[in-house]
Every structure is written in structure tokens, then in C-alpha cells.
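Just so you know, all these numbers are worked out from the coordinates, no wet-lab data involved. Bear in mind the structure is a predicted one, so any value in this text is a computation, not a measurement. Note that each Cβ is placed from the backbone with ideal geometry, even for glycine, and that neighbours are counted across all protein chains shown.
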Amino acid sequence: MQYNVAQLLMEPIGSTRTYEMVEQIDDLDDELEPLGPLVGSVHFLRIPSGVLVTGELSTAMQV
């Protein structure tokens, strides 16, 4: 998953973006098997040194 933050970097400090996501996850360790997609939200905050990214994500795994 990739997010383009070019426009956010041109906006004033304190500007935000929030995205909901549902992503299939692959390329994990062979011992891990995802039982569903990665689901949650990602929050982007424009700060003086760039962009701060926080999020809450969850999935279920077979181990």
C-alpha cells in the first residue's frame, strides 16, 4: 500500500488526511497464514518536519 502525500506536504502545518483501508496481506513468514484482510484506518498529520502517520489496523492470523 502506498499513499501519495505530495499535496499534504504543500498544505499548512496541522493539515490532516484519514483513509480507511482493507488490504490483502501476502509475503509473510511461511508460518503465518492470514485469515482475512488487514482492516483499519490510517491518519496523516502535516508536521514541521514532514508527515506523521498513525493508524489502527487489525487482522486474524493462523499460527
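Considering the range 23-36, the residues that are surrounded by 10 or more Cβ atoms within 10 Å (Cβ to Cβ), among the aliphatic types (A, V, I, L, M) and touching a residue at least 24 places away in the same chain (Cβ under 8 Å) include one that is nearest to LEU57 (Cα to Cα), namely ILE25.
Within the range 1-38, being within 12 Å of the chain's Cα centre (by Cα) and among the hydrophobic types (A, V, I, L, M, F, W, C) holds for MET1, MET21, VAL22, LEU38. Inspect all residues belonging to the range 6-22 and state whether any of them is part of a strand (DSSP E or B), touching a residue at least 40 places away in the same chain (Cβ under 8 Å), aromatic (Phe, Trp, Tyr) and surrounded by 10 or more Cβ atoms within 10 Å (Cβ to Cβ). No, the range 6-22 has no match at all.
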